[in-house]
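Comments concern the structure below.
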Amino acid sequence: MNSKSLEERVEIFGKNLDISLRTWVRNDRSLNFLRTTRARVVLSAVTVLALYGIPAFQMFYRGLSIWLYVGALVFCVLLQKLSIRFAFDDDSHIDEYQHERRNRAYRRAYKRVATILAIAILLVAENGYSLKHSLGSGFHYSFDLGSENWVFVGVFVCGLFVVQKYLSWGIKGESRSA
Amino acid sequence: MGRKSKQEEERVANRIEELRTQAGLSRQELADQVGVHYQTIGYIERGEYSPSLVLALKIAAVLGKTVEQVFQIEEDN
């Protein structure tokens with residue numbers, strides 16, 4: 001007699017489906033085209049372009065949808081996850097090489113995010129100071145962004161944190177021979 | 001990019017590819033037996049990654065050799 005309730009069976013089914021899907025995605029060789037060095041170079045370039053390019057365009061020309069930005073970032077993150085076999089998501093399926101490379105990526109990502117944020121804060125502070133004192137230096141950008149662009153700034157900061165570890169993983173891809 | 005660490009200067013040379021071929025094993029088969037991804041075996045064979053002591057012992061055991069017969073330290077001058 002099966003004493004498991006419907007909820008328990010659905011939960012077990014869901015877990016098994018998730019594990020099977022991840023195992024398939026991680027090991028299936030049909031996705032290897034995303035894991036070569038060339039693919040990682042292209043993927044990194046597209047990710048950088050999406051992360052910085054879309055908000056830069058919006059700041060100066062306006063008119064882009066926030067959902068375009070969110071969608072582009074989600075798409076890039078998904079491809080990055082597939083490219084590195086979900087190395088950041090699950091400890092149990094990575095070996096010692098991937099573990100070491102992942103830790104190195106975290107260290108690099110931390111340094112990069114800290115540097116980018118420090119530079120951004122310094123630029124904003126310098127801009128504000130030069131505007132207030134009419135020094136003539138600085139880039140004199142008015143930070144009267146409006147609610148629409150503040151949403152872009154918020155998504156950019158979130159994206160910066162999420163995407164940086166994938167960029168820090170590096171462009172070295174996998175070789176084809178087994 | 002950056003300064004080389006002491007670990008990077010002392011590369012670990014190995015005979016895994018030669019011994020694996022002699023044993024008739026593919027990278028995938030060796031990787032399955034020691035519990036790593038086949039790409040990791042490739043990185044070790046090419047000297048791009050120095051394995052942990054545990055993994056080195058496992059690889060040597062599968063190849064039927066001692067660790068010293070499989071791995072040697074190769075210092076840059």
Förster radius 51 Å - calculated FRET efficiency between B:GLU68 and A:SER5 (Cβ-Cβ, nearest 0.05): 0.30
If you plug each phi of the range A:69-76 into the Karplus form 6.51 cos²θ - 1.76 cosθ + 1.60 with θ = phi - 60°, what whole-Hz ³J(HN,Hα) values come out, in order, with x for Gly and Pro? 5, 4, x, 5, 5, 4, 4, 5
Picking from A:VAL48, A:VAL162, A:VAL151, which is most flexible by a Gaussian network model of chain A using Cα springs under 10 Å? A:VAL151
Please report the net charge: other residues with Cβ closer than 12 Å to the Cβ of A:GLN80, K and R +1, D and E -1. +4
Computed, not fitted: 222 nm per-residue ellipticity of chain B from DSSP H runs ≥ 4 (each -39500 (n - 2.57)), nearest 500, equal to -13500 deg cm²/dmol
Among A:ARG85, A:ARG62, A:ARG22, which one shows the highest mean-square fluctuation when chain A is modelled as a Gaussian network with alpha-carbon springs under 10 Å? A:ARG62
Convex hull (Cα only) mean projected area of the protein assembly as shown, reported in nm² to one decimal: 22.2
Simple label model, 7 Å out from Cα along Cβ direction - A:SER20 to A:CYS158, nm: 3.2
Give the calculated FRET efficiency between A:LYS111 and B:GLU10 to the nearest 0.05, with a Förster radius of 25 Å applied to their Cβ-Cβ distance. 0.50
Given the range A:32-178, what whole percent of its Cα pairs are spread farther than 19 Å? 60
On a 0 to 90 degree scale, rounded to 10, what angle separates helix A:6-27 from the longest Cα axis of chain A? 70
Give me, ordered by chain and number, the residues 5 or more places off B:VAL12 or on other chains with an amide H under 5 Å from its own placed amide H. B:GLU74
Violating pairs (Cα-Cα greater than 32 angstrom) within the set A:LYS15/A:LYS111; A:LYS81/B:LYS65; A:LYS172/B:LYS58: A:LYS15/A:LYS111; A:LYS81/B:LYS65
Calc'd 3J(HN,Hα), the range A:43-53, phi into Karplus 6.51 cos²θ - 1.76 cosθ + 1.60 (θ = phi - 60°), Hz, glycine/Pro = x, comes to 4, 5, 4, 5, 5, 5, 4, 5, 5, 9, x
In the Gaussian network model of chain A, springs joining C-alpha atoms below 10 Å, which of A:PHE57, A:PHE161, A:PHE13 carries the largest mean-square fluctuation? A:PHE13
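Bear in mind these aren't lab numbers, they're just calculated from the coordinates by the rules spelled out. Just so you know, these numbers come straight off a predicted model, no measurement behind them. Glycine also receives a Cβ, built like all others from the backbone with ideal geometry; neighbour counts cover every protein chain displayed.
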